[in-house]
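As structure tokens, the structure follows; a few thoughts come after it.
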Amino acid sequence: MLQQIEIPVRTPEVTQSCATHCPYCSLQCGMNLQADVVGAWSVAERAFPTNNGGLCQKGWTSTQLLNAPSRLLAPLIRDHKNGPLREASWEEALAHVVSAIETTQAKYGRDAVGIFGGGGLTNEKAYLLGKFARVALRTSQIDYNGRFCMSSAAAASIKAFGIDRGLPFPLADIAHAEAILLIGSNVAETMPPVMQYFQAQKKAGGSLIVVDPRATPTAAAATMHLQITPGTDGALAAGLMHIAIREKLIDEAFIEQRTEDFDSVRRIASSWWPARVERVTGIPEEQLSKAARILGSASSAMFLTARGPEQQSHGVDNVLAFINLALALGKAGKPWSGYGCLTGQGNGQGGREHGQKADQLPGYRRLDNPEHRAHVAGVWGIDPADLPKPGRSAYELLDTLGSEGGVRALLVFGSNPAVSAPRAGHVQRRLDALDFLAVSDFFLSETAERADVVLPAAQWAEEEGTMTNLEGRVILRQRATAPPAGVRTDLEMLSELAKRLGSPSVFPSAATAVFEELRLASAGGVADYSGITWERILREDGVFWPCPDVTHPGTPRLFADRFPTPNGRARFHPVEFHAPAEEPDQEYPLYLTTGRTMAQYQSGTQTRRIPELMKAAPRAFVQIHPSMALTYGIQEGDEVRLTTRRGCASLVAQLTPGIRMDTLFVPFHFGGEGRANLLTNPALDPVSRMPEFKVCAVRIEKGT
Ligand SMILES: Nc1nc2c(c(=O)[nH]1)N[C@H]1C(S)=C(S)[C@@H](COP(=O)(O)OP(=O)(O)OC[C@H]3O[C@@H](n4cnc5c(=O)[nH]c(N)nc54)[C@H](O)[C@@H]3O)O[C@H]1N2
Ligand SMILES: Nc1nc2c(c(=O)[nH]1)N[C@H]1C(S)=C(S)[C@@H](COP(=O)(O)OP(=O)(O)OC[C@H]3O[C@@H](n4cnc5c(=O)[nH]c(N)nc54)[C@H](O)[C@@H]3O)O[C@H]1N2
Ligand code: SF4
Ligand SMILES: [Mo]
């Protein structure tokens, strides 16, 4: 007989705890990291005023990243172009990077060396990366993945309001809005803890109208779902404006007192009668009228966009069209009202303020403005004339790699463009055409796999630094533990490279010192951080910029008295609707749209290494309506092949009754043949240079 053996259950004893934030999205949920007696880290709840203790599955499992078996623990070098990567010392790796930079610049000029950054980098890293490009390399060729993220919303906000801060109010205000139009955002999967505010808003009797081609979990939680045809957001906004004007729902007094140029918009809206809008958007007339009345008669209303309407070749116009609507209804600069963009990456907001964007200097200053150049050059101790001019945007930079007059040597910090850039097959070939590629990452991403030098970076729990969340709240990630031996922080890498390149300015490697410099560089700029200190951030649960001095309380809510435009008024923009760059035809009869799923993050470099997340979302799939699947003889779980004018991808069919009949949806988190971006169209918005990730024409076939 078997004897019953008692197995002792080990209750992990907490020996260390550190209050910090999640490594992933722009919500930057507060969390505690805890180490038990054997030094294993886990995540515990922390009351922070954004997530109030809530985390999604990615946050809960994030400490598994720290000791994932595939973590890079030493630099890697490739001796010959097609040879294997081998381990190397830091001395050898850094010397190799420096010599490649010097050789390339000597042969082809300064602009032949480029930098590609990321919106997940801390403010300190984004700042030092921008300074590294302009001062140590003196190249104009720097841009970053934020260009693929919220650049359209940023450009539109600057045009209309004179400032770009994701949300002009704290998240908690959402719970108080009487009506909300949520356009192309699937927060229930992309920022699950935010749902608590939408739920509270609904519970208080508010209306939540979700605009999405799919009946997402977010749409399921709404009071109304407008199931839009991909790429027609501009027509929807014009149609809602038409009804608002016709039914006298607009706020004439607000338009008169706080805005300019409404007449141009009124003219355009007159031709967007509901029947026409229904034809273009697929949204029934009754729903259009109902939505317009809800928004127009509410005492407060918010208009929130995410990537749905923004990642289009007319993304800026789409956002401007919704801002026009918010202004016409008098719903901006008032309590529980306004337009906001739900930024995406961990530091999507701060990452676009401090200089890794092609046209930008710290504090949201501009490279083409002589006063701005003089201020920042002063902080950096260089002649303003030595600062380069604005460079190419992200896709345009990637498109020139290895070509005549293009970038020949590229350094990547915090991005995986081989998976996440549009037309990824082409981008991959451009990466391979480079003379030299260096990548700093925690893991061997699909981009790092192609590098000549891979630099292993410390992770969020092993270093410190500030991030600016989607509300414009600057928060602090504290260091819980030391990085493994053989791993360095990005700041240490940049500091050492700058020194070896003989930079005329000092590049501190401590985040505290970099933040002090950032405060000076941003002083007087639009995104003014000069009054923010790390002590204040900890004491006050974050500080909202602008914060121009240490006695200033910070600015949770913008626009109460005026808009930061020269005359203090918000500006209407007469935007005409344009169809997407590519529409379905006989050869490619369906719309393809792309986006996210809950359990995976971005290009998947991090989340594809976590077993629980792989169990929840194991591989690349395509959502297809069951009736459409029937037409093609496709069943749940079948291997299918998608083809567009850019290329093919192999995916598994997921029959989804909630998607439009004419639309397929593919998440972009997977590598290899399942990459959504083998299919996407790099048609760029003329202003923001955002690619059209959200719409192209596609063909589907059974089989691989
Ligand atoms: N789980 C998870 N969460 C994330 C991320 C992640 O990778 N995974 N990434 C973070 C980042 S960087 C970002 S930017 C955010 C993005 O957050 P979201 O913008 O919420 O995410 P997406 O899935 O890209 O797009 C949102 C929705 O737009 C819809 N859509 C597609 N085409 C159109 C269209 O033409 N018009 C309209 N109105 N809607 C359309 C899609 O069906 C989708 O449901 O998420 C952040 N959070
Ligand atoms: N088809 C399609 N494509 C899209 C989108 C879409 O909706 N559809 N969305 C676009 C959007 S919104 C975004 S934001 C981009 C994101 O796409 P990517 O730029 O590829 O984003 P990540 O996968 O987060 O890549 C970050 C990489 O850097 C590493 N990393 C993270 N933090 C750090 C750090 O601090 N230091 C260093 N050295 N490395 C770090 C990670 O391990 C990872 O390999 O994708 C875009 N691509
Ligand atoms: S919602 Fe975003 S910040 Fe919060 S736990 Fe999930 S991934 Fe992390
Ligand atoms: Mo993003």
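Residues whose amide H falls under 5 Å from that of ILE659, counting only those 5 or more places apart or on a different chain, are ALA215, with hydrogens built in the peptide plane.
Taking every Cα-Cα distance in the stretch 14-65 and sorting them into 5 Å bins starting at zero, the pair-distance distribution P(r) comes out as 5, 24, 33, 23, 11, 4, 1 percent. Counting lysine pairs in the stretch 152-341 that sit 8 or more residues apart in sequence, or on different chains, and whose Cα atoms lie under 25 Å apart gives 13. Relative to one another, the C-alpha centroids of the stretch 368-407 and the stretch 284-337 are positioned 36 Å apart. Excluding same-chain neighbours fewer than eight residues apart, the aspartates and glutamates reachable from LYS58 by a Cα-Cα span under 13 Å are GLU189, GLU612.
Annotation: peptides 304-311, 656-663, ranked by per-residue average of other Cβ atoms within 10 Å with the highest first, follow the order 304-311, 656-663. Taking 18 Å as the straight-line reach from the Cα of LYS499, the lysines in range (excluding those fewer than 8 positions away in the same chain) are LYS125, LYS131.
Within the accessible surface of the stretch 5-133, defined with a 1.4 Å probe on protein heavy atoms only, the carbon and sulfur portion equals 54 percent. Please give the charge dipole size of the stretch 152-341, origin at the Cα centre, charges +1 on K and R Cβ atoms and -1 on D and E Cβ atoms. Round to the nearest 20 debye. Here the stretch 152-341 has a charge dipole of around 220 debye. The residues of the chain expose on average 35 square angstrom of accessible surface per residue, using a 1.4 Å probe on protein heavy atoms.
In this structure, the amide hydrogen of MET302, modeled 1.01 Å from its nitrogen in the peptide plane, lies closer than 5 angstrom to those of ALA179, ILE180, LEU181, GLY338, counting only residues at least 5 positions away or on a different chain. For the chain, the dipole from Cβ point charges (+1 on Lys and Arg, -1 on Asp and Glu) about the Cα centre works out to 440 debye, to the nearest 20.
Computed from the alpha carbon atoms alone, the convex hull of the stretch 57-99 holds 116 Å³ per residue.
Computed over neighbours whose Cβ is under 11 Å from that of ALA457, the net charge equals -2, Lys and Arg +1, Asp and Glu -1. Averaging the sequence gap over all C-alpha pairs within less than 8 Å and six or more residues apart, then dividing by the number of residues, gives the stretch 14-65 a relative contact order of 32 percent. When a 1.4 Å probe is rolled over the protein heavy atoms, the share of accessible surface on the stretch 533-577 that falls to carbon and sulfur comes to 54 percent. As an exercise, take the mean of 1/r over every pair of distinct alpha carbons in the stretch 359-439, invert it, and state the Kirkwood radius in angstroms. For the stretch 359-439, inverting the mean 1/r across all distinct Cα pairs yields 14.4 Å. Rounded to the nearest 20, the size of the Cβ-charge dipole of the stretch 590-702 about its Cα centre is 280 debye, with Lys and Arg at +1 and Asp and Glu at -1. The value obtained for the stretch 283-365, namely the Cα convex hull volume divided by the number of residues, is 131 Å³ per residue. A compact globular protein would have a Cα radius of gyration near 2.2 N^0.38 Å; the ratio found for the stretch 207-253 is 1.35. So, in Å, what gap is there between the alpha-carbon centers of the stretch 37-82 and the stretch 470-545? Result: 21 Å between the Cα centres. Which residue, GLY184, ILE268, PHE169, has the largest displacement toward the positive end of the dipole of the stretch 169-312 when charges sit on each Cβ (Lys, Arg +1; Asp, Glu -1)? Farthest towards the positive pole: GLY184. For the stretch 79-88, backbone phi angles converted through the Karplus equation (6.51, -1.76, 1.60; θ = phi - 60°) give residue-by-residue couplings of 7, 10, 3, 9, x, x, 7, 10, 5, 9 Hz, Gly and Pro being listed as x. Just name one of PRO213, THR259, VAL280: the one whose Cα is farthest towards the positive end of the charge dipole of the stretch 194-283 (beta-carbon charges, Lys/Arg +1, Asp/Glu -1). Of the options given, the answer is PRO213.
Here, the chain has an Rg and a Dmax of 24.8, 90 Å when only alpha carbons are counted. Using every alpha carbon pair in the stretch 152-341, what percent of pairs falls into each 10 Å bin from 0 up to the bin containing the largest distance? The calculated distribution, bin by bin, is 10, 41, 40, 9, 0. Rounded if a/c is under 1.5, else prolate if a/b beats b/c, else oblate: with a ≥ b ≥ c from the C-alpha gyration tensor eigenvalues square-rooted, which is the stretch 609-684? Oblate, because a/c is 1.5 or more while a/b does not exceed b/c. Using heavy atoms of the protein chains and a probe of 1.4 Å, the accessible area assigned to HIS96 is about 60 Å².
Residue ranges 674-687, 112-125 sort as 112-125, 674-687 when ordered by packing (mean number of other C-beta atoms within 10 Å per residue, highest first). Judged by the mean number of other Cβ atoms found within 10 Å, the most tightly packed of the peptides 581-588, 49-56, 190-197 leads the ranking 190-197, 49-56, 581-588. When a/c reaches 1.5 or more, the comparison of a/b and b/c decides; with that in mind, is the stretch 480-603 rounded, prolate or oblate per its Cα gyration tensor? Oblate, since a/c reaches 1.5 and b/c is not below a/b.
The values are calculated or read from the model by the stated rules, or taken from the named source; none is laboratory data. Worth saying up front: this structure is predicted, and the values here are computed from it rather than measured. Note that each Cβ is placed from the backbone with ideal geometry, even for glycine, and that neighbours are counted across all protein chains shown. For the accessible areas, the whole protein counts, side chains as well, though only heavy atoms, and no ligand, DNA or RNA atoms are used. Shrake-Rupley method; radii C 1.70, N 1.55, O 1.52, S 1.80 Å.
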